[in-house]
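The values are calculated or read from the model by the stated rules, or taken from the named source; none is laboratory data. All values reported here derive from a predicted model rather than from experimental measurement. A quick note on method: Cβ atoms are made from the backbone with ideal geometry, for glycine too, and the neighbour counts reach across all protein chains shown.
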Amino acid sequence: MSEWNAQQKPASAETREIHRRFAERFGLDLTHTDNAEYALAKQHCILPLENYTVRDAQGGVVFDTADYAFLRQDAAADTVHPSLWLNGKSNALAGVFEVVPDKIYQVRGLDIANLTVIRSKTGWIVLDATSFPEVAAASLELLEQALGEPVRDRIRAVIVSHSHGDHFGGVAGVVSEEQTGDPAEGKIPVIVPAGFDEETVKENVFAGHAMGWRARYQFGFGLTPGAQGKVSAGIGVPGGRGSSAYVRPTDFIEEDTTRIIDGLEVVFQLTPGTEAPAEMNNYFPEYRAFWAAENCSGTLHNLYPIRGAQLRDSAAWWRFTIEALERYGKQSDVVFQAHNWPHYNTPEQPHGVEDYLRNTAAIYKHIHDRTLLYASLGKTAKETAKLISIPEGLERNWYTRPYYGSPEINSRAVYTKYLGFWNANPNEINPLTEPEEAALFVEYAGSAERVLELAERDFAAGRYDKAAKAAGYVVYTDPQNLKARYLQADAFEQLGYQAESSVWRNAYLSGAKELREPEHNGSAIRSRNSIIVKLSPRLLLDYLGIVTDGEKLADADERIRIHIVDPAQPGDAPYHGRSVGTTAEFVLHVYHGTLLYYEGHTEEALPYLSVTERDLPLLAIPGETEFFDRADTNAPEILHRIRDAVTDIAAKSQFPMFTANTVTL
């Protein structure tokens with residue numbers, strides 16, 4: 001059929017009808033889109049930024065508000081779900097916003113996350129710092145411009161709510177590492193929840209490369225902003241292109257507590273296992289303001305982000321939110337967070353803060369409870385996801401709409417967290433791979449032509465999910481079949497246009513783009529080296545085990561004593577002809593392709609490696625050549641073998657995975 005080509009397509013009649021029915025049900029005027037959340041997002045802007053560009057030190061564009069100017073029109077585009085259009089419009093409102101007069105301010109619309117400042121006795125406390133140093137630094141300049149007073153030179157503390165890069169990635173634009181430390185020594189503390197460092201490494205380093213590439217689908221990094229492309233990330237404007245930086249935390253909150261920071265009382269509520277494995281909320285009694293971190297975000301959040309991450313605990317999520325409601329709800333006039341905009345008590349809604357917390361908790365508990373009920377009745381995860389529905393009393397709150405998470409994916413996350421990935425079907429004990437399954441389907445259907453004939457029929461009837469699945473089987477078996485690629489791309493595109501979830505839209509449209517443009521591979525992911533070089537020795541050895549190709553060490557059975565040395569201190573560790581101090585010791589056992597290690601001293605006589613904590617990461621970074629010049633060892637052969645076995649993941653990885661993957665080590 002001539003219509004199967006590489007061009008983007010308009011919204012189909014079926015897609016437009018889905019949008020019309022939704023608008024009718026929720027009382028939206030498609031020619032003049034507005035709702036309560038858009039009204040909230042516009043409030044209290046003291047410095048609007050309609051045409052503002054964040055640039056890096058070389059003049060490159062990190063973020064440009066003009067990219068989302070298309071959202072300033074009143075009418076919703078028919079290629080965007082009207083509810084998501086409103087979410088995009090709200091997130092594209094960039095500027096400096098007043099949360100509590102003269103006390104709390106946010107810079108929004110320059111990144112997926114906000115930068116927030118709280119006035120303390122003599123300066124400011126920064127809450128989260130966006131994804132990039134360039135955005136964070138620009139945000140401070142904008143705050144100074146809007147407030148007419150110094151901000152950067154009066155930062156008294158940085159609080160990072162949790163272990164996701166869009167909250168700590170910009171800290172280097174707020175404070176330098178040399179400035180951080182103990183306030184008693186005139187330094188600026190970087191305060192994080194317990195477990196922050198380890199969880200940051202697990203997500204951004206251990207699984208960081210795969211997660212970075214998968215994030216292209218979640219956030220649409222390879223898509224152009226526009227009515228047929230990227231519209232929203234659900235919790236903010238999607239994506240900038242800043243530098244990679246990491247500033248080590250200096251202060252870990254180990255339990256719920258209250259601190260006085262530069263004369264301001266700050267209450268810390270730890271919420272582990274919720275939106276992040278290490279996360280915390282804050283309450284500011286003097287300002288009657290509750291900071292919900294990312295546990296409440298003006299949208300249904302995700303219990304499983306498709307970029308990949310540990311499954312979130314919906315039971316912990318709703319419990320900690322109800323706990324916050326009971327502790328701080330009645331004592332707060334505003335709830336604000338790291339994404340989207342604040343919610344207030346008003347004369348029309350005198351319990352607005354309590355309602356916001358309660359409704360947020362309720363939707364997670366509802367999904368949790370219904371999923372386990374259906375699972376107990378014998379339903380699989382996929383079946384349960386199709387059965388989950390949200391009660392009208394919850395779904396009509398715009399701030400619990402599925403802009404980021406979705407009931408379907410969240411239900412599957414609950415199911416998997418409790419019961420794992422197996423669906424109780426013996427066929428899935430040792431399942432066929434995706435290409436094997438596709439080949440079987442095509443073989444049983446008779447031919448690729450027959451499969452595509454059926455897929456075309458489903459497409460014509462508006463059954464885009466079935467058409468995409470069937471055409472996808474042909475793409476797996478023959479990635480060069482252009483008819484199959486274009487048919488699947490067109491089906492993905494309509495599914496993207498229909499999606500209220502930004503995640504679904506971005507994933508579908510990213511898939512369509514990659515099918516139409518085989519050479520397109522999206523945006524390159526950010527380097528993890530800025531974190532790798534600051535890993536503790538224990539975490540570095542963990543990472544080394546991940547990136548080492550065990551097949552190249554399959555015959556090895558050797559043990560090495562590792563001295564982490566401080567050359568400035570006296571001691572017993574050999575180091576380039578001297579005896580120096582040791583800060584930590586490990587025994588590394590290279591054992592049949594696996595790197596085992598023990599942390600601590602051993603009396604066993606072993607070959608040694610003496611290396612500083614700063615230099616140890618060089619062993620795990622491809623292309624680094626200075627490790628053996630800096631380290632001291634009498635076991636160079638096995639260390640050279642380890643070094644040669646380190647996999648250059650960035651060079652070898654192959655995406656997308658839904659067409660064909662032939663990567664080998």
**Prompt:** Only one of these conditions is not met by Val646: (1) more than 26 Å from the chain's Cα centre (by Cα); (2) at pLDDT 75 or above; (3) surrounded by fewer than 18 Cβ atoms within 10 Å (Cβ to Cβ). Which number is it?
**Reply:** (3)
**Message:** Given the criterion at pLDDT 95 or above and buried (at least 23 other Cβ atoms within 10 Å of the Cβ), identify the matching residue among Leu86, Leu40, Leu28.
**Reply:** Leu86
**Complete:** Going through the stretch 208-235 in order, the residues found to be outside any helix (DSSP H, G or I) and of a type in the set (Phe, Trp, Tyr) are Phe221
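Scan the stretch 412-436 for residues that are part of a helix (DSSP H, G or I) and in contact (Cβ under 8 Å) with a residue 12 or more places away in the chain and jot them down. Steps first, please.
Here is the first cut: in the stretch 412-436, the ones part of a helix (DSSP H, G or I) are 412-419, 426-428, 434-436.
Residues satisfying the conditions are Arg412, Ala413, Val414, Tyr415, Thr416, Lys417, Tyr418, Leu419, Glu434, Pro435.
Taking the condition small (Gly, Ala, Ser) and surrounded by 21 or more Cβ atoms within 10 Å (Cβ to Cβ), does Ala439 pass?
no
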**Message:** Just checking, does the stretch 363-382 include any residue being of a type in the set (Lys, Arg), closer than 19 Å to Phe421 by Cβ and at pLDDT 95 or above?
**Reply:** yes
**Prompt:** Counting residues that are of a type outside the set (Asp, Glu) and within 23 Å of Val205 (Cα to Cα), which strands (runs of 3 or more DSSP E) fully inside the stretch 566-648 reach at least 3?
**Reply:** 578-591, 594-599
**Message:** I'd like to verify a number: residues in the stretch 1-17 that are in a helix (DSSP H, G or I) and either without any contact (Cβ under 8 Å) to a residue 60 or more places away in the chain or closer than 30 Å to Glu449 by Cβ (or both), how many?
**Reply:** 4
**Prompt:** Among Gln337, Gln349, which is the only one that is surrounded by 19 or more Cβ atoms within 10 Å (Cβ to Cβ) and at negative phi?
**Reply:** Gln337
**Item:** Among the residues listed as Ala75, Ala137, the single one being under 30 Å from Ile18 (Cβ atoms) and either touching a Lys or Arg at 6+ places or on another chain (Cβ under 7 Å) or at pLDDT 95 or above (or both)
**Value:** Ala75
**strands (runs of 3 or more DSSP E) fully within the stretch 20-127 counting 2 or more residues that are within 30 Å of Glu265 (Cα to Cα)** = 45-48, 95-100, 104-108, 115-119
**Message:** Among the listed residues Ala471, Ala512, identify the single one that is under 28 Å from the mean Cα position of the chain (by Cα), hydrophobic (A, V, I, L, M, F, W, C), assigned to a helix (DSSP H, G or I) and surrounded by 21 or more Cβ atoms within 10 Å (Cβ to Cβ).
**Reply:** Ala512
**Message:** Considering only the stretch 300-311, I want to know if a residue exists there that is over 20 Å from Gly236 (Cα atoms), touching a helix residue (DSSP H, G or I) at 6+ places or on another chain (Cβ under 7 Å) and assigned to a loop (DSSP other than H, G, I, E, B).
**Reply:** yes
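Just to be sure, is Arg20 free of Cβ contacts under 8 Å to residues at least 40 places away in the same chain, among the basic types (Lys, Arg) and surrounded by 13 or more Cβ atoms within 10 Å (Cβ to Cβ)? Can you show your working first?
Details: free of Cβ contacts under 8 Å to residues at least 40 places away in the same chain: yes; among the basic types (Lys, Arg): yes; surrounded by 13 or more Cβ atoms within 10 Å (Cβ to Cβ): yes.
The answer is yes for Arg20.
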**Prompt:** When both residues are 6+ apart or on different chains and their Cβ atoms are under 6 Å apart, which pairs have a first residue that lies in the stretch 224-252 and is within 23 Å of Asp56 (Cα to Cα), and a second that is aromatic (Phe, Trp, Tyr)?
**Reply:** Pro225/Tyr68; Ala233/Phe219; Pro238/Phe219; Gly239/Phe219; Gly239/Phe221; Gly240/Phe63; Gly240/Phe132; Gly242/Phe132
**Fill in**
Residue set Thr371, Thr384, Thr346; condition free of Cβ contacts under 8 Å to residues at least 60 places away in the same chain, assigned to a loop (DSSP other than H, G, I, E, B) and more than 15 Å from Leu300 (Cα to Cα); output residue Thr346
**Message:** One residue is enough: does the stretch 363-385 have a residue meeting the conditions surrounded by 18 or more Cβ atoms within 10 Å (Cβ to Cβ), over 27 Å from Ile112 (Cβ atoms), in contact with a helix residue (DSSP H, G or I) (Cβ under 9 Å, 6 or more places away or on another chain) and assigned by TED's automatic domain parsing to the domain that holds Val100?
**Reply:** no
**Asked** Looking at (1) polar (S, T, N, Q); (2) buried (at least 18 other Cβ atoms within 10 Å of the Cβ); (3) more than 29 Å from Phe26 (Cα to Cα), can you tell me which one Asn430 breaks?
**Response** (2)
**Asked** If you check every pair at least six apart or on different chains, which have Cβ atoms under 7 Å apart with a residue in the stretch 300-322 that is in contact (Cβ under 8 Å) with a residue 12 or more places away in the chain and over 18 Å from Thr400 (Cβ atoms) first and a residue that is among the acidic types (Asp, Glu) and in a helix (DSSP H, G or I) second?
**Response** Ala309/Glu203
**Message:** Looking for something within 24 Å of Thr15 (Cβ to Cβ), assigned to a loop (DSSP other than H, G, I, E, B) and either in the same structural domain as Leu311 (by TED's automatic domain parsing) or of a type outside the set (Ser, Thr, Tyr) (or both) - is there at least one such residue anywhere in the stretch 441-461?
**Reply:** yes
